[in-house]
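Colleague: My structure is below; once you've seen it, I'll send some questions.
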Amino acid sequence: MRLITVAFAMAILATPALADDPKDPAMRTAAARARDQELTRQLNLGQLAHVRERDEAYAVGWRAVRDQGGTSTASRDYAIRASEHRQVLADYDYAQADYQQRMAAWRRQVAACKAGNWSTCQ
């Protein structure tokens, strides 16, 4: 049953699309091709208008950034987060070094206790 399902799915997925097919029966007449061409042109013009509006909105935002001295809120936030991250890493390095020093002292104390220095065995 699975094999039949897979074969059926492959047959459906393998069918060719008729878009831009010169042998497409719906595009045999010049009028149909002209309608298709006009529809495509209208869709392209709509997309062009959308892209221009989007780019203008971006340009307004970038002008505001330049007017503020070239730094946006996002870049200031990033700088703050980067500084905080560097501080966290420095704190971690300090804590790691402190831990290593305390472990070394503990190991020396254990070694002294095992060596017979009973005052270090507390």
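Any read-out appearing in this document is the output of simple, stated calculations on the displayed coordinates, not a laboratory observation. Being a predicted model, the structure only gives us computed values, none of them experimental. Here Cβ is always computed from backbone atoms with ideal geometry, including for glycine, and neighbour counts include all displayed protein chains.
Colleague: Is the shape of the range 23-80 best called rounded, prolate or oblate, per the rule: a/c under 1.5 gives rounded, else a/b larger than b/c gives prolate, else oblate, with a ≥ b ≥ c the square roots of the Cα gyration tensor eigenvalues?
Modeller: Details: a/c = 9.96, a/b = 4.00, b/c = 2.49.
Prolate, because a/c is 1.5 or more and a/b exceeds b/c.
Colleague: Counting Lys and Arg as +1 and Asp and Glu as -1, what is the net charge of the other residues whose Cβ lies under 14 Å from the Cβ of residue 46? Kindly include the intermediate steps, with their values, before the conclusion.
Modeller: Details: positive: 41, 52, 54; negative: 38, 53.
Taking every Cβ under 14 Å from that of residue 46, the sum is +1.
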